[in-house]
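Q: Let me give you the structure first, and then I'll get to my questions.
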Amino acid sequence: MESVDRNTQKRSAVPVEIKEEGVIVDIKRDIITIEGIPNCVFGELLEFESGDKGIVIEFDQEKVIALLVGSGINTKTGDKAFSKGGMLKVPVGDELLGRVVTSLVQPVDGKDPIETAALAPVFRDAPPIMSRVPVNEPLKTGLKILDTMIPIGKGQRELIIGDRQTGKTTIAFDTILNQKGKDVICIYCWVGGSFTTMVKLIETLAAKDAMGYTIVVAAPASASSTEQYLAPYTASAIGEYFMDRHKDVLVVFDNLTKHAWIYRQISLLLNRSPGREAYPGDIFYIHSQLMERAGRLDPKIGGSMTFLPIIDTLQGDVTGYIQTNLISMTDGQIYTSASLFNEGFKPAVDVGLSVSRIGSKVQTPVLKEMSAKLRLEYAQYKNLEKLTKLRAKISDEIVAKINRGKTLTQLLIQRANSPISEREEILIFYAFDRGVLEKLDEQSIDIYQTKILSYVEEHNPGLLKTLESGDKLTDEIKNALDNEIMEFLKANNMVTTEKM
């Protein structure tokens, strides 16, 4: 009797794996049709006899349709397909920092294999509203035109939209570079672009010493349609890992136009009914479920995740289907203009068409004070500039406003890959607010912008520490700023007067 019990115990100790089985009946590019597997859910992971994997994207009572994950060169009709009841998960962890990975988090940078202890689902519900808090902390981009006029907050979704070759990627890229030393994890998701351009961007990140806090999820045009489709969701899953551990995360999607094209291609191969511009009916859901994963969590629960999705327009038309979809599901947009870009105004941000729905709530008190009138002054200057083309004679008052507007325009121009600190922005726009810079020529203004920070660092480092706090300027601080600015101008032979 005892021996029977022992045998029973031994048999029960053997692990039992329960899995459903089906057969591949059709393969059309990355689309695999399977008969069998009666119980499945969207996003479920399948394993094929060849060792390749797939994810369930559609099913009915008779068949299951899956997207092939990987090359699939060994997968053929007649092979068996197995379901283990699990969802698609990818490795996540600190080990990913500084690495370039695929949509399945496989390294493609030629370095050692990635070994992480944690897995995260690629498709996950957005955080519930009760676990979120208002966005009120700034994400500093280092770009003068954005930090002053279109501020971005941690947890915000800010769309970057414009024609091709107008500097959209550069804006997002500079924002990543500016996070150095600010304890922000950056994830750059490259979807559908050229492999050569992607390599150049990664080389720039490495040259600027930014890879230490950055992860690149690469799905270039040479990758399979499945990898390109999954890339934004994988980037979000990696970001959520860090957000859940009380980190601030910045995710750039470059770009979602090509992601929409890939999903349209997959849907047409699935024989789904095409709608407007041949996109399927669920294209809005595909992007909205992605955008909802951003946000700022209660500090007791986690950190924040900021999204900067990039999308293309055609000849400046923002009324396209995908464009209006993303405008409606984000918290503002940065619109880049081809005409401004061709004029040499870079970053080519059209302030009139750009907006941040968070607004000045996320600005520090000192920068909020500096930039309160900038947007209005810039808009007035643009209107007056048009007026001068129609009228031969203009008043001295209008001439003064135009000169001030030209100075502001020069201040907003910024070289690529050269973000600046907030204290430098304060030194520049405080001088503009005091009416000092419009009295100088263009060369002197450029000298002021490039050298004022190092001058104050040398002569009054305590003032810079005060500016770093972000508190509102007191009369004492204003007097100190006036003194340092005037001394700098005199030292560089820009003025001869003693007072501003």
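Q: SER83: modelled with pLDDT under 95 and closer than 23 Å to TRP190 by Cα, yes or no? Even if it seems obvious, please write down each step before you answer.
A: Values: modelled with pLDDT under 95: yes; closer than 23 Å to TRP190 by Cα: no.
No; evaluated as a whole, the condition is false for this residue.
Q: Of all the residues that make up the range 111-139, how many are over 22 Å from the mean Cα position of the chain (by Cα) and acidic (Asp, Glu)?
A: Qualifying residue count, the range 111-139: 2.
Q: Just to confirm my filter: which strands (runs of 3 or more DSSP E) fall fully inside the range 202-315 and include at least 3 residues that are hydroxyl-bearing (Ser, Thr, Tyr) and not assigned by TED's automatic domain parsing to the domain that holds GLY70? Working first, answer last.
A: On the way: elements: 214-219, 248-254, 304-313.
Correct list: 304-313.
Residues checked against (1) within 35 Å of the chain's Cα centre (by Cα); (2) free of Cβ contacts under 8 Å to residues at least 12 places away in the same chain:
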site	(1), (2)
ILE394	no, yes
ILE398	no, no
ILE413	yes, no
VAL436	no, no
LYS439	no, no
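Q: Kindly indicate whether ASP248 is of a type in the set (Asp, Glu) and surrounded by fewer than 18 Cβ atoms within 10 Å (Cβ to Cβ).
A: Details: of a type in the set (Asp, Glu): yes; surrounded by fewer than 18 Cβ atoms within 10 Å (Cβ to Cβ): no.
Answer is no for this residue.
Q: Going through the range 288-303 one residue at a time, which ones are in contact with a helix residue (DSSP H, G or I) (Cβ under 6 Å, 6 or more places away or on another chain) and not charged (D, E, K, R)?
A: Within the range 288-303, SER288, LEU290, MET291, LEU297, ILE301, GLY302, GLY303 meet the criteria.
Q: Could you check the range 188-224 and list, in sequence order, the residues that are touching a strand residue (DSSP E or B) at 6+ places or on another chain (Cβ under 8 Å), polar (S, T, N, Q) and farther than 13 Å from VAL101 by Cβ? Explain how you work it out, then say what you get.
A: Residues of the range 188-224 touching a strand residue (DSSP E or B) at 6+ places or on another chain (Cβ under 8 Å): 188-193, 198, 201-202, 205, 210, 213-220, 224.
With polar (S, T, N, Q) added as a condition, the list becomes 214, 224.
Listed by number, the list holds a single entry, SER224.
Q: Going through LYS258, LYS200, LYS247, LYS208 one at a time, which residue ends up being closer than 14 Å to ALA294 by Cα and among the basic types (Lys, Arg)?
A: Numbers: LYS258 fails: closer than 14 Å to ALA294 by Cα; LYS200 fails: closer than 14 Å to ALA294 by Cα; LYS208 fails: closer than 14 Å to ALA294 by Cα.
When all the criteria are applied, what remains is LYS247.
Q: Out of the residues in the range 220-240 meeting the condition of being within 22 Å of GLU158 (Cβ to Cβ) and more than 12 Å from the chain's Cα centre (by Cα), tell me which one is surrounded by the fewest Cβ atoms within 10 Å (Cβ to Cβ). Lay out the reasoning, then the answer.
A: Applying the first criterion (within 22 Å of GLU158 (Cβ to Cβ)) to the range 220-240 yields 231-240.
If we keep only those that are more than 12 Å from the chain's Cα centre (by Cα) as well, we get 231, 233-234, 237-238, 240.
Details: ALA231: 28, TYR233: 24, THR234: 24, ALA237: 25, ILE238: 26, GLU240: 22.
Step by step, filter the range 220-240, then rank; the result is GLU240.
Q: I'm trying to understand the selection: among the residues of the range 324-333, which are touching a residue at least 60 places away in the same chain (Cβ under 8 Å) and either assigned to a loop (DSSP other than H, G, I, E, B) or farther than 28 Å from ASP471 by Cβ (or both)? Don't jump to the end; show me each part of the working.
A: So the first thing to find is which residues in the range 324-333 are touching a residue at least 60 places away in the same chain (Cβ under 8 Å), and the list is 326-327, 329-333.
Result: LEU326, ILE327, MET329, THR330, ASP331, GLN333.
Q: Residues being under 28 Å from ARG296 (Cα atoms) and either surrounded by 17 or more Cβ atoms within 10 Å (Cβ to Cβ) or at pLDDT 95 or above (or both): count how many of those fall in the range 251-283.
A: So the first thing to find is which residues in the range 251-283 are under 28 Å from ARG296 (Cα atoms), and the list is 251-260, 282-283.
This time we only want the ones that are either surrounded by 17 or more Cβ atoms within 10 Å (Cβ to Cβ) or at pLDDT 95 or above (or both), so: 251-260, 283.
The total comes to 11.
Q: Let me ask another. Tell me, please, whether a residue that is buried (at least 18 other Cβ atoms within 10 Å of the Cβ), under 30 Å from ARG296 (Cβ atoms) and of a type in the set (Ser, Thr, Tyr) can be found in the range 375-385.
A: Among the residues of the range 375-385, at least one is buried (at least 18 other Cβ atoms within 10 Å of the Cβ), under 30 Å from ARG296 (Cβ atoms) and of a type in the set (Ser, Thr, Tyr), which makes the answer yes.
Q: So LYS111 clears everything in (1) more than 30 Å from SER421 (Cβ to Cβ); (2) among the basic types (Lys, Arg); (3) at pLDDT 95 or above except one condition, right? Which one?
A: Evaluating LYS111 over (1) more than 30 Å from SER421 (Cβ to Cβ); (2) among the basic types (Lys, Arg); (3) at pLDDT 95 or above leaves (3) as the failure.
Q: Evaluate the range 54-65: report whether one residue or more is over 20 Å from ASN39 (Cβ atoms) and either out of contact with any Lys or Arg (no Cβ under 8 Å at 6 or more places or on another chain) or free of Cβ contacts under 8 Å to residues at least 60 places away in the same chain (or both). Show your work before the answer.
A: Of the range 54-65, the ones over 20 Å from ASN39 (Cβ atoms) are none.
Among the residues of the range 54-65, not one is over 20 Å from ASN39 (Cβ atoms) and either out of contact with any Lys or Arg (no Cβ under 8 Å at 6 or more places or on another chain) or free of Cβ contacts under 8 Å to residues at least 60 places away in the same chain (or both), which makes the answer no.
Q: Being touching a helix residue (DSSP H, G or I) at 6+ places or on another chain (Cβ under 7 Å) and free of Cβ contacts under 8 Å to residues at least 40 places away in the same chain is the filter; apply it to the range 94-115 and report the residue that is nearest to GLY212 (Cα to Cα).
A: Here is the first cut: in the range 94-115, the ones touching a helix residue (DSSP H, G or I) at 6+ places or on another chain (Cβ under 7 Å) are 96-98, 100, 102-103, 105, 114-115.
Those still in the list that are free of Cβ contacts under 8 Å to residues at least 40 places away in the same chain too: 114-115.
On the way: ILE114: 15, GLU115: 17 Å.
The qualifying residue nearest to GLY212 (Cα to Cα) is ILE114.
Q: Pick from LEU96, LEU139: which is among the hydrophobic types (A, V, I, L, M, F, W, C) and closer than 30 Å to SER328 by Cβ? Steps first, answer last, please.
A: On the way: LEU96 fails: closer than 30 Å to SER328 by Cβ.
Answer to the check: LEU139.
So that you can scan it fast, the table gives a plain yes or no per residue for (1) assigned by TED's automatic domain parsing to the domain that holds PHE173; (2) in a helix (DSSP H, G or I); (3) in contact with a Ser or Thr (Cβ under 8 Å, 6 or more places away or on another chain); (4) touching a residue at least 24 places away in the same chain (Cβ under 8 Å):
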{"site": "TYR430", "(1), (2), (3), (4)": "no, yes, no, yes"}
{"site": "ILE447", "(1), (2), (3), (4)": "no, yes, no, yes"}
{"site": "LYS465", "(1), (2), (3), (4)": "no, yes, no, no"}
{"site": "LEU473", "(1), (2), (3), (4)": "no, no, no, yes"}
{"site": "LEU481", "(1), (2), (3), (4)": "no, yes, no, yes"}
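Q: Here's another thing I want to ask about it. Out of SER288, SER304, SER360, report the one residue that is in contact (Cβ under 8 Å) with a residue 40 or more places away in the chain, closer than 30 Å to ILE402 by Cβ and not charged (D, E, K, R).
A: Working: SER288 fails: closer than 30 Å to ILE402 by Cβ; SER304 fails: closer than 30 Å to ILE402 by Cβ.
Step by step, each of SER288, SER304, SER360 is checked, and only SER360 is in contact (Cβ under 8 Å) with a residue 40 or more places away in the chain, closer than 30 Å to ILE402 by Cβ and not charged (D, E, K, R).
Q: Taking the range 116-147 only, how many residues are in contact (Cβ under 8 Å) with a residue 24 or more places away in the chain and assigned to a loop (DSSP other than H, G, I, E, B)?
A: Pass one, the range 116-147, residues in contact (Cβ under 8 Å) with a residue 24 or more places away in the chain: 116-124, 126-127, 131-147.
Keeping just the survivors that are assigned to a loop (DSSP other than H, G, I, E, B) gives 116-117, 122-124, 126-127, 133-137, 139-143.
Selection size over the range 116-147: 17.
Q: Now for a separate question. Among the listed residues ARG29, ARG99, identify the single one that is basic (Lys, Arg), at pLDDT 95 or above and within 33 Å of the chain's Cα centre (by Cα). Walk me through it before giving the result.
A: Details: ARG29 fails: at pLDDT 95 or above.
It is ARG99.
Yes or no, residue by residue, for (1) over 19 Å from GLY86 (Cβ atoms); (2) aliphatic (A, V, I, L, M); (3) buried (at least 16 other Cβ atoms within 10 Å of the Cβ):
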{"site": "GLU21", "(1), (2), (3)": "no, no, no"}
{"site": "VAL41", "(1), (2), (3)": "no, yes, no"}
{"site": "ASP52", "(1), (2), (3)": "no, no, yes"}
{"site": "ILE55", "(1), (2), (3)": "no, yes, yes"}
{"site": "ILE65", "(1), (2), (3)": "no, yes, yes"}
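The values are calculated or read from the model by the stated rules, or taken from the named source; none is laboratory data. Quick caveat, the model's predicted, so the values are computed rather than measured. Neighbour counts are summed over all protein chains in view; Cβ atoms, including those assigned to glycine, are modelled from backbone coordinates with ideal geometry.
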